[in-house]
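First comes the structure, then the notes that go with it.
The values are calculated or read from the model by the stated rules, or taken from the named source; none is laboratory data. Only a predicted model underlies this, so the values are computations on that prediction, with no experimental measurement involved. Every residue, glycine among them, receives a Cβ derived from its backbone with ideal geometry; neighbour counts consider all protein chains shown.
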Amino acid sequence: MIEWGLENGIEWNKSLECFDFKDTGRGVIANNDIKENEILISIPSKYLIHSHSKFSIPSLNIPELNNSDSSNSSSSSDDIYTPFHNCLKKLNSKQRISLILIIEKLIKKHSIWFNYLNELPDDYTITSTYSDEEIESLSYPIYVESSKKLKNEMLNSFKLFCEIFQLYYGTDLDRVVIELNDLQVKLSDILNKELYIWCWGTIQTRTYFYDKNMKKNNSKENNEEKDDCTLVPLADLFNHTSNVETEALFNDELNCYQVKTKTPFSKGSQVFISYGKHSNFTLMNYYGFIIENNDQDSIPLLQSNCIPTEFAVPPTSSDEAKLYEKKIGILNNYGLSIYSDGKFLVMQDEKLPFSWNYLTVLKVLYMTKEEINNQLELNLFHYDEPISKNNENLVLSFLENLTENQLSFFKNTKTKLNSNNISRFEITYLINSNIKTWECCKLWLEQQQKNINQNAKEKSTNLVKTTTPKKSTKKSSKK
Ligand SMILES: C[S@@+](CC[C@H](N)C(=O)[O-])C[C@H]1O[C@@H](n2cnc3c(N)ncnc32)[C@H](O)[C@@H]1O
């Protein structure tokens, strides 16, 4: 694949080589030191695959209007391809990229991307390719809903893709034949679900952000064009870690897409790029893999159980409602709300496994009327500064309950996985990792409780100490 790239003007940093790694699979290795800000790869715009890329077969491309160069537009063959062009105009970004991938794959050596497409993975492990049973086995509602949503998006996109073609070609897809150079391809072979799922996986796991089409189409009403993406051949060989910084953008001057590393790499190490700061579930959902000991890992809390029920809805009595409003006001001042929106997190962090925003929301919700009225000194940015002993106890006790519930939930899920013979390594890893995270929360809570008891003990000893001299003075006075 790299040879093909070099022959076609793709500039591949000489210090890079393709390599099969034991833990991460195919990736890129540094055969020399790589410095900060070095360009890893530059790809001429012609080889990018995005929604406005041209097919290798010219007649498939929508003829450009107002083009004075008449040799560019096809003559009589135009009529045959008009329905095809009409369909093309109706497709959204992902559907267009998928159509390009399908056709370029079908025409094999006639495609300018033949060598590249030939070396892409045969299938993908993103959750959209999971069976419904596998998705259900994720059990945690946030995981199940989010995976279902992505899978439905893919299936609906395919349905719409087919409907657009049926609109122009009719419903008997086996009878319609499209000429692709010397190939006669049935429309049913293009509108193939398996192929479409492969395209979806290719797009989801391998594309880069691309705003060139966005800029070009500023006036377009179609919102989907606004988050366009592009396949960047060879640049999609880099595996991910969140510990590096990468810059990837289209260079207008050089008319090519460039990937630059902001992180140096030493000879012999794997050259990573960062797909973003993602939790394992996000990686699994969108990219089909997880990272053991991912330091960006976290579990988003469920809205239904992360807020104590007494605070989940505003109270009806006017006094209580006023107090509640004040609490919500304080939270707003800190940019917080009781609606988690997936942002209240727990992590495997021994020092603080609950996210600051979550602990702060709980602290404020449990404040008494007096505490609210005396809150001049309140500084909620310090998680370890309790509002009061009472407040701390209430928060801890709520969290202890939550932790117990979540621990038993994930332990049950693990048992079910075993009994249902769900064999996806990523699912098992995710559930085990969630158990470890909640165990970490449990240990932290126990430690907090110990600290409280210790402080209370110390206070009472201090109290004894401060009262002892008085006794002794009395004694001495007696003497
Ligand atoms: C952009 S491609 C990277 C190159 C890919 N490994 C290949 O063979 O073409 C993204 C895919 O690589 C794999 N991948 C990337 N980073 C990984 C990592 N840190 N550990 C395991 N697999 C990884 C995942 O399958 C992901 O969907």
_Anything in the range 110-135 that is more than 26 Å from Leu6 (Cα to Cα) and surrounded by 16 or more Cβ atoms within 10 Å (Cβ to Cβ)? List them, or say none._
Tyr124, Thr125, Ile126, Thr127, Ser128, Thr129, Tyr130, Glu134, Ile135
*Answer yes if at least one residue in the range 82-90 is assigned by TED's automatic domain parsing to the domain that holds Lys46, away from the ligand (no atom under 16 Å from the Cβ), closer than 22 Å to Phe165 by Cβ and touching a strand residue (DSSP E or B) at 6+ places or on another chain (Cβ under 9 Å), and no otherwise.*
yes
_Residue list for the range 138-149, filter: touching a helix residue (DSSP H, G or I) at 6+ places or on another chain (Cβ under 9 Å) and surrounded by fewer than 19 Cβ atoms within 10 Å (Cβ to Cβ)_ = Ser139, Pro141, Ile142, Val144, Lys148
_Every residue from the range 15-62 that is among the polar types (S, T, N, Q) and more than 16 Å from the ligand (Cβ to nearest atom)_ = Ser15, Asn31, Asn32, Asn37, Ser42, Ser45, Ser51, Ser53, Ser56, Ser59, Asn61
*Just checking, which of Asn293, Asn255, Asn251, Asn280 is within 14 Å of the ligand (Cβ to nearest atom), in contact (Cβ under 8 Å) with a residue 60 or more places away in the chain and either outside the structural domain of Leu359 (by TED's automatic domain parsing) or not β-branched (Val, Ile, Thr) (or both)?*
Asn280
_Being assigned to a strand (DSSP E or B) and either aliphatic (A, V, I, L, M) or free of Cβ contacts under 8 Å to residues at least 12 places away in the same chain (or both) is the filter here; which residues of the range 21-63 pass it?_
Val28, Ile29, Ala30, Ile34, Ile39, Leu40, Ile41, Ile43, Ile49
*Output the residues belonging to the range 114-164 that are closer than 25 Å to Asn305 by Cα, among the aliphatic types (A, V, I, L, M) and either within 15 Å of the ligand (Cβ to nearest atom) or in a loop (DSSP other than H, G, I, E, B) (or both).*
Leu138, Leu150
*Do you know which of the residues in the range 4-20 that are under 15 Å from Glu119 (Cα atoms) and in contact (Cβ under 8 Å) with a residue 24 or more places away in the chain is surrounded by the most Cβ atoms within 10 Å (Cβ to Cβ)?*
Gly5
*Just checking, which of Leu417, Leu402, Leu430 is surrounded by 15 or more Cβ atoms within 10 Å (Cβ to Cβ), of a type in the set (A, V, I, L, M, F, W, C) and more than 29 Å from Asn357 (Cα to Cα)?*
Leu417
*the range 174-185 - residue that is among the hydrophobic types (A, V, I, L, M, F, W, C) and closer than 18 Å to Thr82 by Cβ and, of those, surrounded by the fewest Cβ atoms within 10 Å (Cβ to Cβ)*: Val177
*Among the residues listed as Ser269, Ser317, Ser304, Ser298, the single one being within 28 Å of Asn357 (Cα to Cα) and either within 16 Å of the ligand (Cβ to nearest atom) or crowded, with 17+ Cβ neighbours inside 10 Å (or both)*: Ser298
